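Report on one structure; see the data block that follows.
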Amino acid sequence: MNLKNHLSQNRALTLLVLLGLGWSTTAIGASVTLTGTIRDFCAPSIGSTCTHLSDFEGAVPGVVTGMVGSTLTAGLPTAAGSIVAGASTAANFAKWYVDSPGFNLSTPTSLTLTEGPPGTFTYSSGAFFPIDGLLYGNQGNPHNYHFTMHLEGLLSFSDPTLGADKLFTFTGDDDLWIFVDGKLVIDLGGVHGAASASFTEEDLKTLGLTAGTPYDLDIFFAERHTVASTFAITTTLDIAAPPGLPEPGTLLLAFPALAALLSRRRGAS
């Protein structure tokens, strides 16, 4: 076997082991880090730096459900029919979660949930301003208020009883949509004060998902108006970093099995 093929197969084996064992992170790890992208948008009247979209620092319609479709398209939410006045327009919304030159600037980001009590992972901020002073800057405000964020991870669930034992809860402002396996499970669109929504493993089962299977987790957030920004997650569902970014505890657990697999592979070369 040549070196290129050998390394390629070793990487594939590594990923398979990490995916297979990653769901133990909730039992042995102290944190889970989701990764993604933040995009900064223009505040009104900041000159020629960028073009302002009317739905950032615009109307405050409160919680607006039904802004997006029930499934992702090419990994992204799309406007669902006619957007409610004051929430957004389909043309504007199409720029929220993609790089749109002249309208936004982007940067990688991450968010770490910590464990405590055991099996419960939490992130909570009552002043969620992760790009203060970055990208377009604060634009004359105390904070950089106008941004969107897309976070990715993996989600699984156990099913110990017929009841709803596992929970995922979000509280925050403004827009928030969560998709599991590309299916909408939390719908909190609109510019609004801190609002809450949740789903359980029973809700996931109604969408056709099965216990013990890792599914893509996509979180889409928007902060569109001064002056507050809240972002809080609590989950007892099994949550993990995206593939390729395992938690340290997972690496420790996976190493013996990975070493055995690679050893057998070398013996067969």
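The values are calculated or read from the model by the stated rules, or taken from the named source; none is laboratory data. Predicted model only: the values in this text are computed from it and were never measured. Counting neighbours? That spans all protein chains shown, and the Cβs are built from the backbone with ideal geometry, glycine included.
A few comments on the model shown:
- Exactly one residue out of 163, 182, 189 is farther than 28 Å from residue 144 by Cα, of a type in the set (Gly, Ala, Ser), at pLDDT 95 or above and assigned by TED's automatic domain parsing to the domain that holds residue 68: that is 182.
- Inclusion of residue 148 among residues that are surrounded by fewer than 16 Cβ atoms within 10 Å (Cβ to Cβ) and among the β-branched types (Val, Ile, Thr) is not warranted.
- All conditions in (1) among the basic types (Lys, Arg); (2) crowded, with 22+ Cβ neighbours inside 10 Å; (3) modelled with pLDDT under 65 hold for residue 39, with the sole exception of (3).
- Test: residue in region 79-99 that is over 14 Å from residue 38 (Cβ atoms) and in a strand (DSSP E or B): yes
- In region 207-224, the residues that are closer than 19 Å to residue 170 by Cα and not in a strand (DSSP E or B): 224
- Considering (1) crowded, with 18+ Cβ neighbours inside 10 Å; (2) in a helix (DSSP H, G or I), the lone condition that residue 202 does not fulfil carries the number (1).
- Here residue 155 qualifies as closer than 22 Å to residue 68 by Cβ, under 17 Å from the mean Cα position of the chain (by Cα), in contact (Cβ under 8 Å) with a residue 24 or more places away in the chain and not in a loop (DSSP other than H, G, I, E, B).
- Residue check, residue 196 under 27 Å from residue 85 (Cα atoms) and of a type in the set (Ser, Thr, Tyr): yes
- Residue within region 125-137 that is within 30 Å of residue 208 (Cα to Cα), part of a loop (DSSP other than H, G, I, E, B) and in contact (Cβ under 8 Å) with a residue 60 or more places away in the chain present: no
- Failed item in (1) surrounded by 15 or more Cβ atoms within 10 Å (Cβ to Cβ); (2) assigned to a loop (DSSP other than H, G, I, E, B); (3) in contact (Cβ under 8 Å) with a residue 40 or more places away in the chain, with residue 105 passing the rest: (2)
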